[in-house]
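Just below is one structure, and these are the notes that go with it.
The values are calculated or read from the model by the stated rules, or taken from the named source; none is laboratory data. Fair warning: this is a prediction, and the values are worked out from it, not measured in the lab. Here the Cβ positions follow ideal geometry from the backbone for every residue, glycine too, while neighbour counts run over all protein chains shown. What goes into the accessible areas is simple: the full protein's heavy atoms, side chains included, and nothing from ligands, DNA or RNA. Shrake-Rupley method; radii C 1.70, N 1.55, O 1.52, S 1.80 Å.
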Amino acid sequence: MSASTLFQVHEPAAAGRPWQERLASLRAELARLGSAVVAYSGGVDSSLLLRVAHEVLGERALGVIGRSDSYAARELELALGQARAFGARVEVVTTGELADPNFRSNPTERCYYCKRELYRELAKAANRAGAAAILDGTIADDLADFRPGRRAAAERAVRSPLADLGFTKADVRAAAAHYGLASRDKPASPCLASRIPYGTEITSENLSMVERGAELLRSLGFTELRLRHHGEVARIEVPAADLARLTEPAVRARVVAGLKALGYRFVTLDLEGFRSGSLNPGPGTG
């Protein structure tokens, strides 16, 4: 079964359409749908989808956030604040993926087990709300990436209107700027579990170490970053332009002291710099 059955605009000609046309198509399709639950994380993609759904459907649009140990508290606060700013309805549900040994053992299909749990909770929310469909913020750029969670979406008939209408990240950011969304320039922030190498058990303890370590780096002015958890080793990725600042003696000392206080024995700086998906399987990743 396709993860999308309502939105089917995969024509090659759609590639050159301006974002304004895609946005108009999204509004029309949402109006035709009539009601929806939106899987909302506060990232720019799901934020745009919820904003447009709220504009078109009003109270018949419900954003649902899955709260778990792998979802940073800071992300929850930002997501709720943004939704309040434009008046969308949002419900927070608790997901228990850490209770699932399939997720906790951290296989390469980890995201499938996480999303399976999330979409189970979203299906309950959709039933309670009487919503016609569950929508997620997958975009066209994501379809070429390693995304095991897409299988879980298909199993629950979760629809991906942004992807189906050809929205790229540039389209999404332009439309988000049009709406003045707080997340319009927000860097991608995958779940905390994505900072732990496949095969390393995911625990509430190592998720907390990653979350608190990333907050330390943000407090020092680093906005785009990844803290990768390798047991006793914290591997820091920042953009190449930030490498020199991170190695300044005063900054370096604060980072080392702070991360060791969290339980890391060694602190390393990845000289290759920031890159999304560096732990994904495949050539050149690790």
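List every residue pair whose Cβ atoms sit under 9 Å apart, with the two residues 6 or more apart in sequence or on different chains, where the first one lies in segment 159-179 and is on the phi > 0 side of the Ramachandran plot and the second, anywhere, is open to solvent by less than 10 Å² (accessible area, probe 1.4 Å) and of a type in the set (Gly, Ala, Ser).
Pairs that qualify, where the first residue is on the phi > 0 side of the Ramachandran plot and the partner is open to solvent by less than 10 Å² (accessible area, probe 1.4 Å) and of a type in the set (Gly, Ala, Ser), are GLY166/ALA14.
For the structure I just gave you, tell me whether LEU135 is under 13 Å from VAL64 (Cα atoms) and in contact with a helix residue (DSSP H, G or I) (Cβ under 8 Å, 6 or more places away or on another chain).
Yes; evaluated as a whole, the condition is true for this residue.
If I ask for residues that are touching a helix residue (DSSP H, G or I) at 6+ places or on another chain (Cβ under 8 Å) and of a type in the set (S, T, N, Q), which ones from segment 21-61 would you list?
Scanning segment 21-61 gives SER35, SER41, SER47.
Return yes when ARG60 is in contact with a strand residue (DSSP E or B) (Cβ under 6 Å, 6 or more places away or on another chain), open to solvent by 70 Å² or more (accessible area, probe 1.4 Å) and either within 18 Å of GLU155 (Cα to Cα) or at pLDDT 95 or above (or both) and no when it is not.
Answer is no for this residue.
For every residue, the table says whether it meets (1) closer than 14 Å to THR268 by Cα; (2) at pLDDT below 95; (3) open to solvent by 30 Å² or more (accessible area, probe 1.4 Å).
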position: SER204; (1), (2), (3): no, no, yes
position: GLU215; (1), (2), (3): no, no, yes
position: PHE222; (1), (2), (3): no, no, no
position: ALA234; (1), (2), (3): yes, no, no
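State whether one or more residues within segment 69-90 are closer than 22 Å to ARG147 by Cα, in contact with an Asp or Glu (Cβ under 6 Å, 6 or more places away or on another chain) and buried (at least 21 other Cβ atoms within 10 Å of the Cβ).
No, there is no match, as no residue in segment 69-90 is closer than 22 Å to ARG147 by Cα, in contact with an Asp or Glu (Cβ under 6 Å, 6 or more places away or on another chain) and buried (at least 21 other Cβ atoms within 10 Å of the Cβ).
Has segment 244-254 got any residue that is under 15 Å from ARG212 (Cβ atoms) and either touching a residue at least 24 places away in the same chain (Cβ under 8 Å) or not basic (Lys, Arg) (or both)?
Yes, because at least one residue in segment 244-254 is under 15 Å from ARG212 (Cβ atoms) and either touching a residue at least 24 places away in the same chain (Cβ under 8 Å) or not basic (Lys, Arg) (or both).
For THR94, state whether it is crowded, with 23+ Cβ neighbours inside 10 Å and of a type in the set (Val, Ile, Thr).
For THR94, the condition - crowded, with 23+ Cβ neighbours inside 10 Å and of a type in the set (Val, Ile, Thr) - is not met.
Could you list, in sequence order, all residues of segment 97-114 that are among the polar types (S, T, N, Q) and touching a residue at least 40 places away in the same chain (Cβ under 8 Å)?
Scanning segment 97-114 gives SER105, ASN106, THR108.
Filter segment 16-55 down to residues that are more than 18 Å from LYS169 (Cα to Cα) and either outside any helix (DSSP H, G or I) or open to solvent by less than 20 Å² (accessible area, probe 1.4 Å) (or both), then give me how many there are.
Of the residues in that region, 7 qualify.
Find the helices (runs of 4 or more DSSP H) located wholly in segment 107-192 whose residues include 1 or more that are open to solvent by less than 60 Å² (accessible area, probe 1.4 Å) and touching a Leu at 6+ places or on another chain (Cβ under 7 Å), and list them.
110-129, 161-164, 169-179
Out of (1) within 30 Å of GLY231 (Cα to Cα); (2) open to solvent by 40 Å² or more (accessible area, probe 1.4 Å), the odd one out for ASP100 is which?
Going through the list (1) within 30 Å of GLY231 (Cα to Cα); (2) open to solvent by 40 Å² or more (accessible area, probe 1.4 Å), ASP100 breaks only (2).
For GLU211, which of the numbered conditions (1) acidic (Asp, Glu); (2) surrounded by fewer than 14 Cβ atoms within 10 Å (Cβ to Cβ); (3) under 23 Å from LYS115 (Cβ atoms) fails to hold?
(2)
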